[in-house]
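Asks: Structure provided below as structure tokens; questions to follow.
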Amino acid sequence: MRNYFFTIAMGLCVLIGVVSLGTTSNPGTALMALFAATLGLFGVGLGLYQIRASHKAGRTLSIFGPPAGLEEYQRRGPRHGTRGENWFGVFMGTWIAASSLWRLDDGWNALDMIFFSLALADLVLHLLIDTFTCLDLAQRRDGQRWIVALRVLICQGEVKLLVPPVVIEEFDRNEARVQAAMTSSIAGRFKQIRHDLVTYGSDDDAHAVEVIENLGRHLPLVGAMTTRNFRDIRELLVAGQIVEQSEAEIKRVVERGLRKAAPFHSGKNSVADAVIFELYQIATQGADLAEHPHAFVTTNHTDFSRANGDKREPHDDIADAFDGTGSRYALGVDGLDVVLRDYFGEEIEELFEETDFQEEPRRLDDIVAAEKEMFDRIWYHRSLQADYRAEREGDAEELERNQAVAGPGRARVEATYTEPGQLGPYTDFEIGVLNGKMSALRWVLGSEWDFLDT
């Protein structure tokens with residue numbers, strides 16, 4: 001009876017797989033459906049064979065384990081798997097069928113992701129990203145898109161960074177200069193625009209001047225946000241696999257320099273670039289590129305890219321190090337993006353969607369407006385508390401005085417904040433949150449911590 005049940009279950013597996021293939025447009029689900037159908041066909045064939053063999057033997061055999069008391073059949077008949085092997089086969093068939101049935105066209109589900117991760121468990125993409133690309137990535141406002149994705153892939157063991165020590169040294173040496181250049185260039189442009197508006201503009205340009213001044217005060221916050229990119233990238237580099245140069249690499253660099261081969265063809269001192277490339281080449285020569293693909297990512301197209309041609313292609317002097325599949329040449333952040341998408345497909349797309357955020361620092365006028373709101377709401381609450389105290393104490397004179405003094409202010413606040421709950425009544429926790437917000441906003445504006453006067 002169990003053989004019949006197994007055969008029917010595998011037949012359902014085939015049916016579900018075929019239906020899934022015909023209805024899904026998602027590559028992940030299609031892969032699962034194809035595997036389910038294939039395994040189901042195999043299971044149906046095995047089940048029918050066992051049923052036929054059991055009828056010949058005159059007994060009902062079980063596919064879930066070797067039958068007892070049939071030595072002759074076991075000697076002449078088919079080999080049965082161990083009980084654990086057979087249960088594993090049933091579990092895999094049921095799991096795949098359920099995964100295919102669960103979500104036909106809704107993208108990757110949890111089981112698809114587990115299966116895909118198991119299928120690619122041995123594939124590790126090795127990236128050597130040069131200093132120029134790291135600096136370019138740090139300067140991008142959307143840099144966290146790739147930084148966070150790389151961090152996740154590295155933690156999952158799907159990406160490994162190959163880091164020559166010279167990359168970290170050059171990154172540290174250039175960080176302060178690049179940050180200062182970013183801020184000063186923007187500040188200089190704002191200063192020139194303001195000067196032109198004041199000098200050549202009309203009275204109607206007063207609002208534009210105010211906007212420019214606000215943006216100028218906004219610049220330090222922009223610089224602080226950029227600093228985070230530099231810090232995060234450096235952490236990734238330090239945590240990567242450090243690849244030290246040996247005498248062999250130094251010798252190859254010297255030979256390359258004597259031949260004036262790229263990256264020495266441009267006539268400048270490119271020893272550091274040559275060392276980075278030789279370390280990459282040594283890494284690829286000692287690796288199984290089918291399971292451990294490599295990519296060399298650089299923004300330095302002058303030294304590494306094809307001369308007078310497509311900058312996305314390597315220079316002819318180094319082209320033999322790249323086959324386009326196991327070893328790839330990528331130009332800049334855009335090239336890194338292409339490599340990640342090619343190797344990880346929908347997995348990287350999902351990571352990009354989850355990490356595609358840009359935290360814009362608040363403008364000064366936004367901070368001032370938020371502080372004013374907290375002030376008004378807290379002041380309103382405190383003024384009412386003063387009335388309640390006077391009522392409890394029976395001090396009618398004090399109550400009348402409070403209402404006379406606070407009345408106009410309360411009317412203004414009540415007309416401004418009309419949403420339900422904006423003006424209380426508050427719990428102790430809620431009024432504590434409002435005070436904490438006002439304290440933080442005032443600290444940003446230059447006040448000391450815990451300055452809560454209203």
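The values are calculated or read from the model by the stated rules, or taken from the named source; none is laboratory data. This one's a predicted model, so the numbers in the text were calculated from it and none came from an experiment. For neighbour counting, all protein chains shown are included, and Cβ atoms are generated from backbone atoms with ideal geometry for every residue, glycine included.
Asks: State the number of residues belonging to segment 125-156 that are part of a strand (DSSP E or B) and of a type in the set (A, V, I, L, M, F, W, C).
Replies: Total meeting the criteria: 4.
This table checks each residue for (1) surrounded by 13 or more Cβ atoms within 10 Å (Cβ to Cβ); (2) under 29 Å from ARG341 (Cα atoms); (3) of a type in the set (A, V, I, L, M); (4) modelled with pLDDT of 85 or more.
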{"residue": "PRO164", "(1), (2), (3), (4)": "yes, yes, no, yes"}
{"residue": "ASP203", "(1), (2), (3), (4)": "no, no, no, no"}
{"residue": "HIS218", "(1), (2), (3), (4)": "yes, no, no, no"}
{"residue": "LEU236", "(1), (2), (3), (4)": "yes, yes, yes, yes"}
{"residue": "GLU255", "(1), (2), (3), (4)": "no, no, no, yes"}
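Asks: Inspect segment 331-354 for any residue being under 29 Å from the mean Cα position of the chain (by Cα), assigned to a strand (DSSP E or B), within 30 Å of GLN285 (Cα to Cα) and modelled with pLDDT of 95 or more and give the result as yes or no.
Replies: Within segment 331-354, one or more residues are under 29 Å from the mean Cα position of the chain (by Cα), assigned to a strand (DSSP E or B), within 30 Å of GLN285 (Cα to Cα) and modelled with pLDDT of 95 or more.
Asks: For segment 425-454, which residues satisfy the criterion of being exposed (fewer than 14 other Cβ atoms within 10 Å of the Cβ) and part of a loop (DSSP other than H, G, I, E, B)?
Replies: PRO425, THR427, LEU445, GLY446, GLU448, TRP449, ASP450, PHE451, ASP453
Asks: Could I ask something else about it? Pairs needed: first member in segment 436-454, free of Cβ contacts under 8 Å to residues at least 12 places away in the same chain; second member anywhere, surrounded by 14 or more Cβ atoms within 10 Å (Cβ to Cβ); C-beta distance under 8 Å; at least 6 residues apart or different chains.
Replies: Pairs that qualify, where the first residue is free of Cβ contacts under 8 Å to residues at least 12 places away in the same chain and the partner is surrounded by 14 or more Cβ atoms within 10 Å (Cβ to Cβ), are TRP449/SER439; ASP450/SER439.
Asks: Is one or more of the residues making up segment 309-329 at pLDDT below 95, β-branched (Val, Ile, Thr), surrounded by fewer than 19 Cβ atoms within 10 Å (Cβ to Cβ) and over 19 Å from PRO164 (Cβ atoms)?
Replies: Among the residues of segment 309-329, at least one is at pLDDT below 95, β-branched (Val, Ile, Thr), surrounded by fewer than 19 Cβ atoms within 10 Å (Cβ to Cβ) and over 19 Å from PRO164 (Cβ atoms), which makes the answer yes.
Asks: Now a separate question. May I ask you to list pairs of residues, at least six apart or on different chains, whose Cβ atoms are under 6 Å apart, with the first in segment 398-427 being within 17 Å of GLN385 (Cα to Cα) and the second being of a type in the set (Phe, Trp, Tyr) and part of a loop (DSSP other than H, G, I, E, B)?
Replies: That search, which allows pairs on different chains as well, returns LEU423/TYR417.
Asks: Considering only residues that are aromatic (Phe, Trp, Tyr) and at pLDDT 90 or above, which ones fall in segment 402-454?
Replies: Across segment 402-454, the qualifying residues are TYR417, TYR426, PHE429, TRP443.
Asks: Check segment 182-201 and report whether any residue there is of a type in the set (D, E, K, R) and modelled with pLDDT of 85 or more.
Replies: no
Asks: Moving to a separate point now. Please pick out the residue among LEU104, LEU150 that is outside the structural domain of LEU331 (by TED's automatic domain parsing) and either at pLDDT 85 or above or over 28 Å from VAL166 (Cβ atoms) (or both).
Replies: None of the other options fit; the residue is LEU104.
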